[in-house]
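Undergrad: My structure is below; once you've seen it, I'll send some questions.
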Amino acid sequence: MTQKKKIAFLATGGTIASAKGPEGLRPAFTEKEMIELVPELSDIADIQGKLIMNIDSSNMQPEDWKVIATEIVEALKKCDGVVLSHGTDTMAYTSSSLTYMLMDLKKPVAVTGAQKSIGEEQSDAAKNLVDSFKVAASGVPGVFLVFNGDIIIGDRATKMKTASFDAFSSVNAPPAGKVRESGDGSADSKKLIIEWNDEVLWQETRRIKQVWAKLKNESGRGCVDSSIDPQSRPIKGLEEEPVILYDNLDPRVLLVKLYPGIEPEVLLLAREKGYHSVLIESFGSGGVPFREPRNLLPAIQELISSGITVAVTTQVPFEGVNLSLYEVGVKALEAGAISMGDMTREAALVRLMMHII
């Protein structure tokens, strides 16, 4: 008999753990209660649970990402993988941050949640948890957002629906895999299997490793952990560890969604309030208006002259930004703005917080 993998279940709250309160749904279920409500999980793995926090993910803060990442690093020292339960509203931000913070990750980390509470009838919670434990026990390294059978690379996920079970899409890359039932349809033959897309896994892993390389160059050692002396643990000494924590993150990034009539002064608030970066959600493939009386280019130039990074993404979910295509994008490039390419909004924001350009 094959020995079950040891999987850490780290819970943070969200809809999956919610129950009705006097002012609406609020997180209430603990990790132990959720495990008890899905008994088939014990058939998949030897589970070690921990409740990190129990909050609505709308209340999730960048400082919480550090706490979560640190807990994952500790869990991976003893476990074969991690399942992180999380609210869906900011799950894509957290999964993006973990994709970069968990450098040189050698084990699976599955991030999941639900659109309906685990305590409700016809909830998607049990399926998403079972699928996530299968991914965490697979041995395939990476941060994956697992939802409705889709296995999405951590920084490629975006929430596209507020209520439907197929809430998340994989943006500008196919899913890394799918969890599905195999067999002839009879109850006895049904079994969950994972179908990985090996080409996507290879391409996306290669891309993420390039991001990690930038972080290593930025930090000089690839590990920003305030409890460790930089000189005492060079990167080469960490090669055998399951993961390296990079937690150098500054949340002072201003996200500005463009709309017809936006005033340039909105961008200049970044300088006034002490932000280090501005992320502009442009129109289409990179439209940044320069027509008077609301020409944004001088404000962009002022910010950059003040040492503030200005980056451009798009309001359109798919196919990314291309500032070299139209005049309204080329002029933004010439003013000094940086294109964020085909990144999701969530990934672009996190990368600016971590100073990865």
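The values are calculated or read from the model by the stated rules, or taken from the named source; none is laboratory data. This one's a predicted model, so the numbers in the text were calculated from it and none came from an experiment. Cβ sites come from the backbone with ideal geometry, for glycine too, and all protein chains shown count toward neighbours. What goes into the accessible areas is simple: the full protein's heavy atoms, side chains included, and nothing from ligands, DNA or RNA. Shrake-Rupley method; radii C 1.70, N 1.55, O 1.52, S 1.80 Å.
Undergrad: Looking only at helices (runs of 4 or more DSSP H) that lie completely in region 35-107, which have at least 2 residues being within 21 Å of PHE165 (Cβ to Cβ), within 15 Å of the chain's Cα centre (by Cα) and of a type outside the set (S, T, N, Q)?
TA: So the answer is 91-101.
Undergrad: While we're here: Within region 66-76, is even one residue over 13 Å from ALA17 (Cβ atoms), open to solvent by 20 Å² or more (accessible area, probe 1.4 Å) and of a type in the set (S, T, N, Q)?
TA: yes
Undergrad: Also, quick follow-up: In region 327-336, which residues are aliphatic (A, V, I, L, M) and crowded, with 18+ Cβ neighbours inside 10 Å?
TA: Hits for region 327-336 are VAL328, ALA332, ALA335.
Undergrad: Within region 116-132, track down each residue that is closer than 14 Å to LEU145 by Cα and either assigned to a loop (DSSP other than H, G, I, E, B) or among the acidic types (Asp, Glu) (or both).
TA: ASP131, the sole residue that qualifies.
Here's the yes/no breakdown for (1) surrounded by fewer than 16 Cβ atoms within 10 Å (Cβ to Cβ); (2) at pLDDT 65 or above:
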position	(1), (2)
ALA187	yes, no
GLU195	yes, yes
ASP198	yes, yes
TRP212	no, yes
ASN217	yes, yes
CYS223	no, no
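Undergrad: Could you grab the pairs with beta carbons closer than 6 Å, sequence gap of 6+ or different chains, first residue in region 56-69 and farther than 15 Å from LEU102 by Cβ and of a type in the set (Asp, Glu), second one surrounded by 21 or more Cβ atoms within 10 Å (Cβ to Cβ) and at pLDDT 95 or above?
TA: ASP56/GLY87
Undergrad: Output the number of residues of region 253-269 satisfying the condition of being in contact with a helix residue (DSSP H, G or I) (Cβ under 8 Å, 6 or more places away or on another chain) and not hydrophobic (A, V, I, L, M, F, W, C).
TA: Result for region 253-269: 2.
Undergrad: Here's a follow-up. Inside region 8-23, can you point out the residues that are touching a Ser or Thr at 6+ places or on another chain (Cβ under 9 Å) and part of a strand (DSSP E or B)?
TA: Within region 8-23, PHE9, LEU10, ALA11, THR12, GLY13, SER18, ALA19, LYS20 meet the criteria.
Undergrad: Out of all the residues in region 309-321, which are more than 17 Å from ASN172 (Cα to Cα) and open to solvent by 10 Å² or more (accessible area, probe 1.4 Å)?
TA: THR309
Undergrad: Mind listing just one residue for me: the one in region 38-60 that is touching a Phe, Trp or Tyr at 6+ places or on another chain (Cβ under 8 Å) and open to solvent by 70 Å² or more (accessible area, probe 1.4 Å) and, of those, farthest from VAL82 (Cα to Cα)?
TA: That would be LYS50.
Undergrad: Same structure, new question: So the check is Cβ under 7 Å with 6+ separation or different chains; which pairs have a first residue in region 72-91 that's touching a residue at least 24 places away in the same chain (Cβ under 8 Å) and a second one that's β-branched (Val, Ile, Thr) and open to solvent by 30 Å² or more (accessible area, probe 1.4 Å)?
TA: GLY87/THR15; THR88/THR15
Undergrad: On to the next question. Run down SER339, SER324, SER306, SER285 and say which single residue is small (Gly, Ala, Ser), under 30 Å from GLY154 (Cα atoms), without any contact (Cβ under 8 Å) to a residue 40 or more places away in the chain and open to solvent by 30 Å² or more (accessible area, probe 1.4 Å).
TA: SER324
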